[in-house]
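Comments concern the structure below.
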Amino acid sequence: MLNSIAKKFYEHFEADGLYEESSLEREVVQQVLTMLQKDYEFAKQVRSEKSPRWRIIFNAHYDIFRELCDLLMLFNRKKTSNHQAVFAFIVVHFPPLEFDWEILECIRKMRNGSKYEGKDISPAMWKSIELQFDLYIVAVQKKVEELLQE
């Protein structure tokens, strides 16, 4: 099972001390969540333009998703700057979200290729993950909102 791979990564990151203790300030989480929701709505508008830059759209969605995951980690009083560690944490600690490790790795590698290897995001690449991005962003957003209500 692919999510067992995420667990192995999580355990490795935990052993290496990549997860730091953090505080949970609900007011700050709410403020950041509100900004991310606005960013997401804007990113969806941009992707419907006549000739969008898919790399920019991809990066906006990636950053929104990762930052939402960062917020979710705060409810467990943890943080990390390592993106793979963020995703492993979410898969392990929030199994009801049913995130697929392979998809998370795919989008992380696409982002790294774009950022560090000069690989552009083609329309086909974007289309291959667009639905998953939307589903995952909405799922994390709802989970953060739910936890804020507790």
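The values are calculated or read from the model by the stated rules, or taken from the named source; none is laboratory data. Just so it is clear, the structure is predicted and the values come from calculations on it, not from any experiment. Methodologically, a virtual Cβ is constructed for each residue, glycine included, from the backbone with ideal geometry; neighbour enumeration extends over all protein chains shown.
Pairs needed: first member in segment 17-45, within 18 Å of LYS79 (Cβ to Cβ); second member anywhere, of a type in the set (Phe, Trp, Tyr); C-beta distance under 7 Å; at least 6 residues apart or different chains.
Between residues of segment 17-45 that are within 18 Å of LYS79 (Cβ to Cβ) and residues that are of a type in the set (Phe, Trp, Tyr), the close pairs are TYR19/PHE13; TYR19/PHE89; LEU24/PHE75.
Can you work out which of the residues in segment 97-128 that are in contact (Cβ under 8 Å) with a residue 60 or more places away in the chain and not in a loop (DSSP other than H, G, I, E, B) is surrounded by the most Cβ atoms within 10 Å (Cβ to Cβ)?
By that ranking, first place goes to LEU104.
Would you check which residues across segment 17-51 are within 23 Å of ASN82 (Cα to Cα) and either of a type in the set (Ser, Thr, Tyr) or not in a helix (DSSP H, G or I) (or both) and list them?
Residues satisfying the conditions are GLY17, LEU18, TYR19, GLU20, GLU21, SER22, SER23, LEU24, GLU25, TYR40.
For residues that are among the basic types (Lys, Arg) and surrounded by 14 or more Cβ atoms within 10 Å (Cβ to Cβ), scanning just segment 30-52, find the one that is modelled with the highest pLDDT.
Among those residues, the one meeting the criterion is LYS44.
Name every residue in segment 126-150 that is closer than 13 Å to ILE64 by Cβ and either among the β-branched types (Val, Ile, Thr) or more than 16 Å from the chain's Cα centre (by Cα) (or both), in order of residue number.
ILE137, VAL138, VAL140, VAL144 - these are the residues of segment 126-150 that are closer than 13 Å to ILE64 by Cβ and either among the β-branched types (Val, Ile, Thr) or more than 16 Å from the chain's Cα centre (by Cα) (or both).
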